[in-house]
Amino acid sequence: MNWTSRTTIVLVLAAGAVALGAVVVPLTNHPKFCASCHTITPSHDSWRTSSHKEVTCVVCHVRPGVAGWIDDKAWAGTKDLAIYLFGVPTAAHNLRAKVDSNVCLSCHQHILRTSEVAPRDLPPPLKDVGLIMSHRKHMEAFGLRNQGEGCTTCHSGVVHDRPIKGYPIVIPRGHVSTDTKPWNPEYPEGSYLRTRALDDCFRCHDGKTEHQGKVLDRKCETCHLPEKIKNFLSF
């Protein structure tokens, strides 16, 4: 085989690979492709009714750039497909998926500039007590702890969970562990999603954990507006 023939074969194979990729990549980027795996179907169904239903799976789960695409899409996707076809897929209630905080902040960058959540953005009855929440301080603390925490440490259920306790939207769990209104997640005992659902603000604000030499207390006014708390508790 001469040099010209080899070059032709290489060019034909390269062109074929590009053409195949042009078809396969958009196809595998579509949420319906993700939902074709039965363990992902519950996540797909919850996404369709969430506040992020206009944002496709790959926007959140695949980091931008070549490295992100190779790691999160090509490598992780191929591995998941192989497990699905030839192995034992992880049960839906034990699935773990990391969403990089930089992906969240690409749309929600403004949140780092606020220290109090506007009442219009709060669901009742949380609206009655207000919410002090410095996202920047939390992100800085997560960075110092260096334990892989980020936006989804508090907002993990925003897309794939349902509202609890009568709230109209999915919000961070607050203080589920000491709330006077009982609530238990529907996930099986011992599952990852059940454990995650029961995690609340008190996992850090427990009166014992320290950050930069200061104990994270459990006082109401740590997270809520003092004047609103006073009125709220006057009964």
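The values are calculated or read from the model by the stated rules, or taken from the named source; none is laboratory data. Please read these numbers as outputs of a predicted model, since none were measured by experiment. Here the Cβ positions follow ideal geometry from the backbone for every residue, glycine too, while neighbour counts run over all protein chains shown.
Any residue that is within 28 Å of residue 37 (Cα to Cα) and surrounded by 13 or more Cβ atoms within 10 Å (Cβ to Cβ) - is there at least one of those in region 104-125? There is at least one residue in region 104-125 that is within 28 Å of residue 37 (Cα to Cα) and surrounded by 13 or more Cβ atoms within 10 Å (Cβ to Cβ). Residue 46 meets each of the listed conditions (1) surrounded by 15 or more Cβ atoms within 10 Å (Cβ to Cβ); (2) free of Cβ contacts under 8 Å to residues at least 40 places away in the same chain apart from (2). Residue check: residue 124 meets all listed conditions (1) under 20 Å from the mean Cα position of the chain (by Cα); (2) in the same structural domain as residue 164 (by TED's automatic domain parsing) but one, namely (1). Where helices (runs of 4 or more DSSP H) sit wholly within region 113-210, those with at least 2 residues that are at pLDDT 90 or above and out of contact with any helix residue (DSSP H, G or I) (no Cβ under 8 Å at 6 or more places or on another chain) occupy 135-145, 192-198. In region 159-176, of all residues being surrounded by 16 or more Cβ atoms within 10 Å (Cβ to Cβ) and not β-branched (Val, Ile, Thr), the one that is farthest from residue 93 (Cα to Cα) corresponds to 174. Within region 109-123, the residues that satisfy the criterion of being more than 15 Å from residue 223 (Cα to Cα) and without any contact (Cβ under 8 Å) to a residue 24 or more places away in the chain are 109, 110, 113, 120, 121. Of the candidates 73, 98, 79, the single residue that is in contact (Cβ under 8 Å) with a residue 12 or more places away in the chain and surrounded by fewer than 15 Cβ atoms within 10 Å (Cβ to Cβ) is 98. Looking only at region 211-229, residues that are loosely packed, with under 14 Cβ neighbours inside 10 Å and either outside any helix (DSSP H, G or I) or among the hydroxyl-bearing types (Ser, Thr, Tyr) (or both) come to 7 in all. Based on this model, can you work out whether residue 59 counts as part of a loop (DSSP other than H, G, I, E, B), under 15 Å from the mean Cα position of the chain (by Cα) and in contact (Cβ under 8 Å) with a residue 24 or more places away in the chain? In short, no.
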